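I have placed the structure first, in the form of structure tokens, so that the comments after it can refer back to it.
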Amino acid sequence: MSRVIAVANQKGGIGKTTTAVNIAYDLAEMGRRVLLIDTDGQCNSTDTCRARVEGVATLYDLLFEHEKAEECIQHMEKLDVIASDKLLKNPETKFPDDATRLFTMRDACEEIREQYDFIVIDTPPSLGCMLSNALTFADEVVIPVTCDRYGMEGINDLYVTINATKKYTNRNLRVTGVLLNKYKERTTLCREISNGLPEVLKMFDTTVFDTKVRECEDCKKAQSARMSVQAYNSSCSTAKDYWRVCEEIIGR
Ligand SMILES: Nc1ncnc2c1ncn2[C@@H]1O[C@H](COP(=O)(O)OP(=O)(O)OP(=O)(O)O)[C@@H](O)[C@H]1O
Ligand SMILES: [Mg+2]
């Protein structure tokens, strides 16, 4: 049985792409068959994985040109990728009606789903139709949040979207957990936020990952080098943390 995991939070820059890419690579490194789908028109995870956007079939072709999923898969060294496309920056107008808007990705990926142990979906910083498509297809959601004053901003709105998805299009969707990212061990603020988080999340009936992903410079450098942080420097703190996050995901 494959597990489809969407990494989601409409807040920008909090580590969705970093989380999606690194858990995808680590799960692959752990011997799992992994497909990463980039649904964000910014194409950041496509780029980090060194997948192509020109001269290949992308997620755009899958969703709007009736291309078969198999034809959109790029086989990279460790994992498979369905690349995003700059044409997906404003997708709202392209879906002809609500049913298509919500179910397209799930239906288009039906035939490839069981080829993988994990399908990881990177999502854009908005509550729009790409997120709805991803949540309708997904079994689970991982929600990265940053460990700062505004890190939890908008989390209510994200849960409204998740709950609407559960009600209307995907009854079995569950939140794998909230993942604290950019954690600075020595700061009081981080500790306070971390300690208070389970209480804040009680109303959403959600747990927090035991592992916090620490902030580390090599994480940024890995993204610039278009590598997973594990491949860039397996002994840095972020690499160790994402590895533990994957162990938690497998155990959940
Ligand atoms: N644990 C970390 N340590 C250091 N830097 C990090 C960490 N996590 C993310 N970053 C950096 O923060 C920036 C934003 O991360 P990322 O692109 O993953 O966010 P995002 O939520 O996908 O952004 P967007 O909403 O634009 O898609 C990047 O420069 C990334 O390298
Ligand atoms: Mg991103």
Per-residue HN-Hα couplings for segment 144-157 [Karplus 6.51, -1.76, 1.60; θ = phi - 60°; Hz; x = Gly/Pro]: x, 9, 9, 8, 8, 3, 9, x, 8, 4, x, 5, 4, 5
Amide H within-cut-off set for Lys182, under 5 Å, with H built and near neighbours excluded: Val213, Glu215
Rel. contact order, % - alpha carbon contacts under 8 angstrom, at least six apart, segment 199-252: 35 percent
Relative pair counts by distance (%), Cα atoms of the chain, 5 Å bins: 1, 6, 15, 19, 21, 17, 12, 6, 2, 1, 0
Solvent-accessible heavy-atom area per residue, rounded to whole Å², over the chain at 1.4 Å: 46 Å²
Computed over segment 121-252: relative contact order in percent, which uses C-alpha pairs under 8 Å that are six or more apart: 21 percent
Given charges at beta-carbon only (K, R positive; D, E negative), |dipole| of the chain in Debye: 760 debye
Within segment 199-213, backbone nitrogen closer than 17 Å to the virtual label 7 Å beyond the Cα of Arg149 toward Cβ: none
Percent carbon-and-sulfur accessible area, segment 119-252, ignoring ligands, DNA and RNA, probe 1.4 Å: 48 percent
15 Å cut-off, amide nitrogen to a point 7 angstrom out along Lys166 Cα→Cβ, residues in segment 111-145: 135-136, 138-143
Cα pair distances of segment 48-132 binned at 5 Å [whole percent]: 3, 13, 25, 27, 21, 9, 2, 0
Shape of segment 1-86, Cα gyration tensor, a/c cut at 1.5: oblate
Relative contact order for the chain, counting Cα pairs under 8 Å that sit 6 or more residues apart, in percent: 25 percent
In Hz, Karplus ³J(HN,Hα) per residue of segment 22-30 (6.51, -1.76, 1.60; θ = phi - 60°; x = Gly, Pro): 6, 6, 4, 5, 5, 4, 5, 4, 7
Nitroxide proxy distance, nm - points 7 Å out along Cα→Cβ at Asp97 and Val200: 4.1 nm
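Pull up the DSSP beta bridges for the chain and report the antiparallel fraction as a percent, rounded to 5.
Values: 3 of 28 bridges.
The antiparallel fraction comes to roughly 10 percent.
The values are calculated or read from the model by the stated rules, or taken from the named source; none is laboratory data. This structure is a prediction, so every number in the text was calculated from the model and none was measured. Note that we place each Cβ from the backbone using ideal geometry, even for glycine, and neighbour counts take in every protein chain shown. Accessible surface areas use protein heavy atoms only, side chains included; no ligands, DNA or RNA. Shrake-Rupley method; radii C 1.70, N 1.55, O 1.52, S 1.80 Å.
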